1. Only one of D119, D97 is of a type in the set (D, E), modelled with pLDDT of 90 or more, within 30 Å of K33 (Cβ to Cβ) and not assigned by TED's automatic domain parsing to the domain that holds K73. Can you tell me which?
2. Going by the structure shown, is L49 part of a helix (DSSP H, G or I), under 30 Å from K164 (Cβ atoms) and not charged (D, E, K, R)?
3. Residue check, L14 against (1) assigned to a helix (DSSP H, G or I); (2) of a type outside the set (D, E, K, R); (3) modelled with pLDDT of 90 or more, all met but one. Which one?
4. What residue, of A129, A161, A87, A186, is modelled with pLDDT of 95 or more, of a type outside the set (D, E, K, R) and part of a helix (DSSP H, G or I)?
5. Please verify whether the range 102-113 includes one or more residues that are within 30 Å of A36 (Cβ to Cβ), among the hydrophobic types (A, V, I, L, M, F, W, C) and outside the structural domain of L65 (by TED's automatic domain parsing).
6. Would you pick out the residues in the range 132-158 that are acidic (D, E) and not in a helix (DSSP H, G or I)?
7. Yes or no: the range 182-193 includes at least one residue that is surrounded by fewer than 11 Cβ atoms within 10 Å (Cβ to Cβ) and among the small types (G, A, S).
8. Among the residues of the range 79-108, which ones are among the acidic types (D, E) and either closer than 14 Å to L62 by Cβ or surrounded by 15 or more Cβ atoms within 10 Å (Cβ to Cβ) (or both)?
Amino acid sequence: MAALIVVVSLTVLLTLTVLCCGALLIAGCSLSKAPAQAAITAAEEALNLVRAEAQQFVPDQLAMLETALGNAKNSFTKGDYNAAIAAAKDIPLKIKDLTAAIEAKKAELPKVWEALAKDVPKLIASTKAAVAKAKGVDPAMLDQAKASLDEMPATWTKAQAAFKDGNLAEAVGRATEITDQCAKIAADIAPKTAGK
């Protein structure tokens, strides 16, 4: 009888121990959950404040921060609150770096625009001349080059309008699009070296 009481007492004690450990584990998880949610919310709110400008000026850096935020959210969803905190906690600090990069990019745009404003009209003219003189180029490629050249004045007009409206990022983006197209045309119509 005494052995039975000891076994029952041990069973009850073991059951209570397991229940207490489970309760502590649940309490520990819920204690980690709130800070994890707060870290994610703070990171998301901070990122939302700079997202539009970051997308315009430094999209690669923005993508890295959005990936980090996504990782934090995924960890949170999986219940790994410590990993969520670790992934989200540095995002607000990195946003300071992102903001500095945005400001640096904004500061350099006037100089970039000034150079493009001088170079783009000359580049369009020289590319047109090169296409007109092109020999031995695939006719389809030549037609494609001419079609691209025909679109460039409209793109340049849009770039100039964006500049006048104070949207330097758009102006530089459109002008750079033209320089990229001219470079592609030049490569497409360049004489091909035998054996390459």
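1. Just one listed residue meets the conditions, D97.
2. yes
3. Only one criterion is unmet by L14, namely (3).
4. Residue meeting the stated conditions: A161.
5. yes
6. D138 - this is the single residue of the range 132-158 that is acidic (D, E) and not in a helix (DSSP H, G or I).
7. Checked against the condition, which is being surrounded by fewer than 11 Cβ atoms within 10 Å (Cβ to Cβ) and among the small types (G, A, S), the range 182-193 yields at least one hit.
8. D80, D97
The values are calculated or read from the model by the stated rules, or taken from the named source; none is laboratory data. None of these values were measured; they are calculated from a predicted model. Using ideal geometry, Cβ is built from the backbone for each residue, glycine included, and neighbour counts are taken over all protein chains shown.
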